[in-house]
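The values are calculated or read from the model by the stated rules, or taken from the named source; none is laboratory data. This structure is a prediction, so every number in the text was calculated from the model and none was measured. Cβ sites come from the backbone with ideal geometry, for glycine too, and all protein chains shown count toward neighbours. Surface accessibility is based on the protein's heavy atoms, side chains included, excluding ligands, DNA and RNA. Shrake-Rupley method; radii C 1.70, N 1.55, O 1.52, S 1.80 Å.
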Amino acid sequence: MTEPAPTPDPAAVVVAIDAYGAAWVERDPVRRRALLDVAWAEGAVYSDPLAEVAGRDALSDHIGATQESLAGGEIRVTTAPVTHHANAFFRWTTFAADDTELLTGWDVVQLAPDGRIARLTGFFDPDTERRG
């Protein structure tokens, strides 16, 4: 049997995922990048049905482009992370500028030993994907 990855400090995981969620609503690229320094391990990979990017700069650019496409809407992390070993799971919602819910989904992350996100795989809820 394979030895599981070390379990990061739960408080560090919460800090990282909170910073990651804050990065998705931060419109200033400098502040967004600083949040990703807290949340995102060096060289980490982001993957969802629409994009796959590696590294903090590429993720910051992807977030900025997504924000532009939402024309005043935003994506918010909506649950606290559920964790075990070096993995976490949390939910998010995309809102239009008028706060109408457009899309919901969840992210599954692999965590670096320091609690930052090493890999994130995002999924869209099929029910809301058709609406959004």
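Brief remarks follow.
- Listed values (1) 45, 34, 33; (2) 46, 41, 20; (3) 47, 34, 24, entry calculated as Cα extents along the principal axes in Å: (3)
- Selected from Leu50, Leu102, Leu59 as most flexible by GNM, with the chain as the system and alpha-carbon contacts under 10 Å: Leu50
- For the chain, the fraction of 1.4 Å probe accessible surface lying on carbon and sulfur atoms is 57 percent.
- Accessible surface computed residue by residue for the chain, with neighbouring protein chains in place and a 1.4 Å probe, gives 53 Å² per residue.
- The phi torsions of segment 10-23, fed into the Karplus equation with coefficients 6.51, -1.76 and 1.60 and a -60° offset, translate into couplings of x, 5, 5, 5, 4, 4, 5, 6, 4, 5, 4, x, 5, 4 Hz, rounded to whole numbers, with Gly and Pro shown as x.
- The GNM of the chain, with springs linking C-alpha atoms under 10 angstrom apart, assigns the highest mean-square fluctuation among Asp98, Asp57, Asp18 to Asp98.
- Each residue of segment 28-36 was assigned a 3J(HN,Hα) from its phi angle through the Karplus curve 6.51 cos²θ - 1.76 cosθ + 1.60 (θ = phi - 60°); the sequence is 7, x, 5, 5, 4, 5, 5, 5, 5 Hz, with glycine and proline shown as x.
- Here the spin labels are modelled as points 7 Å beyond Cα on the Cα-Cβ line, and at Leu50 and Asp9 they lie 3.6 nm apart.
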